[in-house]
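Here the structure comes first, spelled out in structure tokens, and everything after it is commentary.
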Amino acid sequence: MANGMIDHKAILASRLAAQLGRRSLLKGFGAAGLLAAGGGLLPGEAKAQQAGHLKIAALKHIDTLDPHFTFFLSAVQVINNIHNGLLKIVYNGETVTFEPDLAETWDLEDEVTHVFKLRPNVKFHDGTPCDAEAVKFSLMRVKTGTPASPHAWKLALLNEVEIVDPLTVKLHFEKPYAFLPVALNGSTGRAGTIVSPAAVEKYGADYGRNPVGTGPFKFVSWKENDAIELEANPDYFEPGLPKVEKVSFMFVDEASTAVAALVSGQIHGMNDCPMQLVQQVKNIPSVTLYGEIEGNYTYVGMNTRKAPFDDVNLRRAVAFAINRDTVIKQAYFGLAQEAYTPISPPMSGYFDPDIATSGRGHFFDLEKAKEFRAKAANQDPIEVTYLMTERNAIGTRVAQTVAPMLAEIGITVKLELIEPAAWVQRMKEGNFEMLDFDWVADLDPEETLYPEFRSDGSWNYWGWVSTKFDELCAQASVELDVEKRAAMYHEAEDLLMDEAPIAMMCHLPIYKVLSKKVEGFEYVPCDLMNLHTVSLA
């Protein structure tokens with residue numbers, strides 16, 4: 001997203017400080033969206049006339065279509081067309097705002113009590129009402145459900161969901177919550193995505209293959225190695241939308257195959273454009289390439305639970321032995337930006353524009369790497385296994401580029417290639433020594449740092465433990481002053497970088513491609529692909 005991103009936490013802070021009481025946060029959270037928010041379609045209101053079959057090549061792994069359990073933003077690209085959240089992300093080309101979606105209004109009673117009035121007459125695709133009971137069900141499913149949602153941390157400060165009336169919920173928090181607007185959006189937030197209670201009851205653990213939301217498209221089918229099929233929701237609450245009748249996310253293994261199909265007109269777009277194809281795609285006159293550096297970072301992760309990376313000095317040696325410039329050129333085709341710490345450029349107020357000269361974080365310094373290697377407990381040659389997979393277009397390129405660099409500090413790297421599902425499973429189980437990974441679609445430092453690295457975090461695959469880090473992130477989550485909050489996150493980053501369970505790599509541009517026959521696409525950062533506004537020429 002652009003560096004002009006509105007800091008909604010600062011806006012929230014100003015309103016809390018002013019003690020606005022029950023006054024609606026119209027200016028703070030997107031006045032246009034609040035003023036325009038209406039209910040479901042009223043009797044006699046014109047419905048959209050859908051036409052056309054939109055076909056999108058899905059190049060990235062999709063694990064589940066259950067928003068409360070998905071691990072991948074590639075899944076959210078589909079989920080976001082099936083479901084809605086209390087809030088949604090809106091981008092005007094310069095700034096990101098959080099505006100009402102299923103919520104019609106959002107009020108504050110005090111600094112810890114948020115009141116959401118829901119749109120009337122909205123129904124799930126199974127015909128059941130989307131009401132206060134459904135909102136409470138969804139939020140509590142994330143917070144305390146069984147099995148545990150990996151997004152539960154986003155609602156850790158939520159004490160109670162009070163149903164005021166069928167269309168009003170009151171959320172009581174333990175403390176002021178700076179991350180709230182991000183947590184309650186139905187896209188990257190996921191914790192605020194509202195699902196059909198009846199469908200969850202019906203399908204149980206299989207809900208992820210039978211999702212039922214309120215969104216512009218209904219789920220039809222998921223055929224392995226073929227496609228995920230959606231169809232228009234004729235009762236969608238936004239008048240005139242969606243515009244296409246059907247959407248297919250077609251599983252395509254080879255990006256070059258997708259490009260050829262796009263040029264020939266067999267498909268209309270790609271949910272990802274691998275970096276090695278960016279220049280080629282730019283030269284195709286019949287398509288439009290969307291993308292920029294977003295809130296993300298890539299890194300090499302090390303398993304700190306066992307040898308050899310239970311040795312902090314060996315991890316530090318790895319962190320400074322990697323030449324990021326070479327990695328960017330060879331693995332990322334020169335399109336990425338060097339990352340010194342996890343906080344990324346779009347996070348205005350938190351990202352340090354002078355970080356390259358600050359001495360903070362990780363960067364290439366072979367002499368420093370050798371100094372740390374000399375401090376490691378094991379001074380013998382060390383062999384480690386680097387777990388690889390072809391889970392995206394970068395595939396094994398990072399591993400193959402990094403491996404010879406580690407040989408410079410006495411670490412011999414054995415490359416092990418396995419299929420994506422097994423790779424994910426081994427990472428979750430902690431059955432690895434090192435691998436490279438990426439964290440994408442972040443809007444706020446809290447989601448950049450806390451879920452991945454807190455000591456008991458479900459996504460802390462590296463097994464790193466730091467109570468000080470946990471405390472700093474917890475304090476920052478309830479601090480509404482941006483300058484003070486940034487200082488806390490920078491201190492937390494410094495702890496993380498010093499103990500180096502990961503070695504930072506880079507920040508990535510995220511690309512999508514659409515045929516120029518696709519009209520009305522509204523680009524939103526965070527790797528989203530909202531299709532309700534598009535039509536086919």
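What the table shows:
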| item | result |
| --- | --- |
| Residue within the stretch 113-130 that is under 25 Å from the mean Cα position of the chain (by Cα) and charged (D, E, K, R) present | no |
| Selection count, the stretch 456-503, where residues are over 28 Å from residue 426 (Cα atoms), of a type in the set (Ser, Thr, Tyr) and out of contact with any Cys (no Cβ under 8 Å at 6 or more places or on another chain) | 1 |
| Members of the stretch 384-412 found to be open to solvent by 30 Å² or more (accessible area, probe 1.4 Å), aliphatic (A, V, I, L, M) and over 28 Å from the mean Cα position of the chain (by Cα), listed by number | 407 |
| Test: residue in the stretch 388-399 that is at pLDDT 95 or above, out of contact with any helix residue (DSSP H, G or I) (no Cβ under 8 Å at 6 or more places or on another chain) and not aromatic (Phe, Trp, Tyr) | yes |
| Residue in the stretch 197-210 that is modelled with pLDDT of 95 or more and either part of a strand (DSSP E or B) or in contact with a Cys (Cβ under 6 Å, 6 or more places away or on another chain) (or both) present | no |
| Single residue of 359, 301 found to be of a type in the set (Gly, Ala, Ser) and under 18 Å from residue 508 (Cβ atoms) | 301 |
| Within the stretch 77-91, tally of residues that are open to solvent by 30 Å² or more (accessible area, probe 1.4 Å) and either within 18 Å of residue 272 (Cβ to Cβ) or in contact with a helix residue (DSSP H, G or I) (Cβ under 6 Å, 6 or more places away or on another chain) (or both) | 0 |
| Residue identified as outside any helix (DSSP H, G or I), open to solvent by 40 Å² or more (accessible area, probe 1.4 Å), in contact (Cβ under 8 Å) with a residue 40 or more places away in the chain and in contact with a Lys or Arg (Cβ under 8 Å, 6 or more places away or on another chain) among 109, 94 | 109 |
| Only one of 142, 122, 195, 169 that is under 21 Å from residue 454 (Cβ atoms), crowded, with 19+ Cβ neighbours inside 10 Å and of a type outside the set (Gly, Ala, Ser) | 142 |
| Residues within the stretch 155-164 that are among the charged types (D, E, K, R) and more than 12 Å from residue 136 (Cα to Cα), tallied | 0 |
| Residues within the stretch 211-270 that are touching a Lys or Arg at 6+ places or on another chain (Cβ under 8 Å) and closer than 22 Å to residue 389 by Cα, tallied | 2 |
| Hits in the stretch 172-196 - residues which are over 24 Å from the mean Cα position of the chain (by Cα) and part of a strand (DSSP E or B) | 172 |
| Matching helices (runs of 4 or more DSSP H) fully within the stretch 433-522 where at least 3 residues are open to solvent by 10 Å² or more (accessible area, probe 1.4 Å) and not basic (Lys, Arg) | 467-477, 482-499 |
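Here's the yes/no breakdown for (1) without any contact (Cβ under 8 Å) to a residue 60 or more places away in the chain; (2) in contact with a Cys (Cβ under 6 Å, 6 or more places away or on another chain); (3) crowded, with 18+ Cβ neighbours inside 10 Å; (4) under 25 Å from residue 453 (Cβ atoms):
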site	(1), (2), (3), (4)
66	no, no, yes, yes
75	yes, no, yes, yes
102	no, no, yes, no
113	no, no, no, no
162	yes, no, no, no
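Yes or no, residue by residue, for (1) buried (at least 18 other Cβ atoms within 10 Å of the Cβ); (2) under 25 Å from the mean Cα position of the chain (by Cα); (3) at pLDDT 95 or above:
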{"site": "229", "(1), (2), (3)": "yes, yes, yes"}
{"site": "237", "(1), (2), (3)": "yes, no, yes"}
{"site": "248", "(1), (2), (3)": "yes, yes, yes"}
{"site": "255", "(1), (2), (3)": "yes, yes, no"}
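A quick yes/no check of all residues on (1) modelled with pLDDT under 95; (2) crowded, with 18+ Cβ neighbours inside 10 Å; (3) touching a strand residue (DSSP E or B) at 6+ places or on another chain (Cβ under 8 Å):
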position: 307; (1), (2), (3): no, no, no
position: 310; (1), (2), (3): no, no, no
position: 313; (1), (2), (3): no, no, no
position: 322; (1), (2), (3): no, yes, yes
position: 333; (1), (2), (3): yes, no, no
position: 342; (1), (2), (3): no, yes, yes
position: 375; (1), (2), (3): no, no, no
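The values are calculated or read from the model by the stated rules, or taken from the named source; none is laboratory data. In this text the structure is predicted, and so the values were computed from the model without any measurement. As a convention, Cβ positions derive from the backbone with ideal geometry for all residues, glycine included, and neighbour counts pool all protein chains shown. The accessibility values were calculated without ligands, DNA or RNA, using every heavy atom of the protein model including side chains. Shrake-Rupley method; radii C 1.70, N 1.55, O 1.52, S 1.80 Å.
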